[in-house]
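Inspection log for the structure reproduced underneath, given as structure tokens.
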Amino acid sequence: GGGGSAWSFDGGRTWRPADEGRDRHYTWAVAADPADANCWYVSASPGPFHAHRQGRADAYVYRWRGEGPWQRLDGGLPQPLDAMPYALVATGSEMYTGLSDGRMYASADGGDSWEQLALFGDPVPSILALAAAPEAGSSRSARGWYPQHDCTGTWGHGGFRGCEDVARSVFSSPAWRR
């Protein structure tokens, strides 16, 4: 199950496999390092039955730098992960992953070491997506990290609008802390 990952260098007309260094080929989340166009992250599992079965993901987070190959990121992440990393976001040196069981991990060094973030407030059953919110007037600095719940919202002057219950808890105090 799953076709792995691939690169396109011509706007998507043709694709080249990019699986060297990974022993898992059912890829799910992908993130690009905004500070380094040659640095990419993916989450991968042996197949869909592993990835989406509670407690059996058998998954890893991988990083590709320059000419590759993929490197398994394990400093502080359970090996293998029992819940699928459905969400990845990179902001240069910082990296975050959200898992299918609601856990979240952070790395302050581009994925070399990780720590689980403590969740405060209502439990999050699953993290499906993460987005970096820029500081006002800056596109590089992170203001916060927001779990995607079943709602929609928009970014505008002054920050996030919509999903008021989620935004209120995140803006008044961070949902996750180191």
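The values are calculated or read from the model by the stated rules, or taken from the named source; none is laboratory data. These numbers come from a predicted model, not from an experiment. Cβ: placed from backbone, ideal geometry, glycine included. Neighbour counts: every protein chain shown. Just the protein is used for accessible areas: all its heavy atoms, side chains included, with ligands, DNA and RNA removed. Shrake-Rupley method; radii C 1.70, N 1.55, O 1.52, S 1.80 Å.
Only one of 86, 96, 26, 105 is touching a Gly at 6+ places or on another chain (Cβ under 9 Å) and open to solvent by less than 20 Å² (accessible area, probe 1.4 Å); which? Quick ask: steps written out before the conclusion?
Details: 86 fails: open to solvent by less than 20 Å² (accessible area, probe 1.4 Å); 96 fails: touching a Gly at 6+ places or on another chain (Cβ under 9 Å); 26 fails: open to solvent by less than 20 Å² (accessible area, probe 1.4 Å).
On inspection, the qualifying residue turns out to be 105.
Taking the residues in the range 4-23 that are open to solvent by 70 Å² or more (accessible area, probe 1.4 Å) and in a loop (DSSP other than H, G, I, E, B) as candidates, determine which candidate is modelled with the lowest pLDDT. Steps first, answer last, please.
Step one: list which residues in the range 4-23 are open to solvent by 70 Å² or more (accessible area, probe 1.4 Å), which gives 9, 11, 13-17, 20, 23.
Next, from what is left, pick out any that are in a loop (DSSP other than H, G, I, E, B): 9, 11, 13-15, 20, 23.
On the way: 9: 84, 11: 89, 13: 92, 14: 92, 15: 89, 20: 88, 23: 90.
Applying the filter and picking the extreme gives 9.
List the pairs whose first member sits in the range 27-53 and is farther than 17 Å from residue 71 by Cα, whose second member is charged (D, E, K, R), and whose Cβ atoms are under 6 Å apart, counting only residues at least 6 apart or on separate chains?
50/56; 50/58
State which residue is surrounded by the fewest Cβ atoms within 10 Å (Cβ to Cβ) when the search covers only the range 37-81 and only residues that are over 18 Å from residue 115 (Cα atoms) and of a type in the set (D, E, K, R).
If we take residues in the range 37-81 being over 18 Å from residue 115 (Cα atoms) and of a type in the set (D, E, K, R), then 67 is surrounded by the fewest Cβ atoms within 10 Å (Cβ to Cβ).
Which of (1) free of Cβ contacts under 8 Å to residues at least 60 places away in the same chain; (2) assigned to a loop (DSSP other than H, G, I, E, B) does residue 64 not meet, given it meets every other one?
Going through (1) free of Cβ contacts under 8 Å to residues at least 60 places away in the same chain; (2) assigned to a loop (DSSP other than H, G, I, E, B) one by one, residue 64 breaks only (2).
Residue check: is residue 34 touching an Asp or Glu at 6+ places or on another chain (Cβ under 6 Å) and either open to solvent by 20 Å² or more (accessible area, probe 1.4 Å) or at positive phi (or both)? Even if it seems obvious, please write down each step before you answer.
Details: touching an Asp or Glu at 6+ places or on another chain (Cβ under 6 Å): no; either open to solvent by 20 Å² or more (accessible area, probe 1.4 Å) or at positive phi (or both): yes.
In short, no.
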